[in-house]
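Worksheet: one structure, shown below.
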Amino acid sequence: MSWIEEVEVSEAEGKLAKTYATLIEQRGKVANILKVHSLNPDALRSHLDLYMTIMFGKSGLSRAEREAIAVVVSANNECDYCVNHHAEALRRYIKDEEVISLLMSADGLETLEPRLSNIVRHAEKLTTAPGAMTEIDLGELRSEGLSDSDILDITLVVGYFNFVNRIALGLGVAYNEDEMSGYHND
């Protein structure tokens, strides 16, 4: 459900039908943020491949850290769709609702435990003031034991969520409570 035409699962053919079937098998359903790509099945497949690589691939970042980045970037971009989706995923890893609330509001991030605080504050700066980034910013991450590979992964997750937030916001991708249910655990 968005501001543009979308191909429903029951109407999909060819590449799109195959991608939808894979999503349903793996995740239990097709998320609205993916269905909005249905007029361009190749872009949908590429988007999905990128998402799976940066969010589920091998990394020195935990799944919780990657989801926290997603939530903070999306909060800074005022993308309720992604904030809510990824806060729900984050609840599988972080059981503290106060921490989840701080991340969802992107407020009080300096009060989080040091590694997570540095990661999400870096993500926030890269989202809100990318031209102000300096090499010194990487030193703060390195002081928390993050490697250059980890820093690359942070940057990729930040870049991805800035990209996907603009898809959701630019095309009016709908978030609602039904959208949150029916997914398989990752």
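Readers should treat all values here as calculations from the given coordinates under stated rules, not as data from a laboratory. Just so you know, these numbers come straight off a predicted model, no measurement behind them. Backbone-built Cβ (ideal geometry, glycine too); neighbour counts: all protein chains shown.
Say the cut-off is 31 Å between C-alpha atoms; which of K18/K125; K15/K95; K58/K125; K58/K95 go over it? Flagged as over cut-off: K18/K125; K15/K95. Taking one quarter of the surface of the C-alpha convex hull of the stretch 62-186 gives a mean projected area of 7.7 nm².
Every pair of different Cα atoms in the stretch 1-126 enters the Kirkwood calculation, which places the hydrodynamic radius at 15.8 Å.
Over the stretch 9-56, the hull volume per residue, using the convex hull of the C-alpha atoms, is 70 Å³.
The share of alpha-carbon pairs in the stretch 122-173 lying farther apart than 15 Å comes to 51%. For L23, neighbours were defined as the other residues whose beta-carbon sits under 12 Å from its Cβ, and their charges (Lys and Arg +1, Asp and Glu -1) total +4.
When shorter helices are ignored and each DSSP H run of at least 4 residues is given -39500 (n - 2.57), the per-residue value for the chain at 222 nm works out to -20000 deg cm²/dmol.
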